[in-house]
Amino acid sequence: MTPFTYLEPSSLDEALALLARHGGEAKLIAGGTGLVNLMKQRLVRPGFVIGLRALKPLAGIAEGLRVHGGELLPDRHFPPPESPDTPVPGTL
């Protein structure tokens with residue numbers, strides 16, 4: 001794995017600003033291992049990794065006409081469908 005700088009913004013605006021500032025040199029990570037595996041294989045070599053785990057708005061559930069789970073919300077927070085033909089809320 002090549003050296004990189006890890007950045008952890010405290011707001012969505014800060015995350016977007018970091019992404020704009022570092023452009024193609026930056027990659028986002030939200031807790032998964034996909035990016036780390038690609039970095040270990042040297043298939044991806046970002047200069048900056050922007051962590052999103054601290055961004056609470058991405059981890060919640062918003063309700064309205066549809067239920068929407070934030071990008072950081074684990075699938076376990078959604079109940080399984082009652083039958084294979086019933087869509088899981090928020091996944092249409």
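The values are calculated or read from the model by the stated rules, or taken from the named source; none is laboratory data. The structure displayed is predicted, hence computed values, not measured ones. Ideal geometry is used to build each Cβ from the backbone, glycine not excepted, and the neighbour counts take in all protein chains shown.
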Quiz item: Within the group R76, R42, which residue is at pLDDT 65 or above and not small (G, A, S)?
Solution: R42
Exercise. Would you be able to say whether some residue in region 21-42 is loosely packed, with under 11 Cβ neighbours inside 10 Å, in contact (Cβ under 8 Å) with a residue 24 or more places away in the chain and over 12 Å from L55 (Cα atoms)?
Key: yes
Quiz item: Which condition number does L58 fail, the rest of (1) modelled with pLDDT of 90 or more; (2) surrounded by 15 or more Cβ atoms within 10 Å (Cβ to Cβ) being met?
Solution: (1)
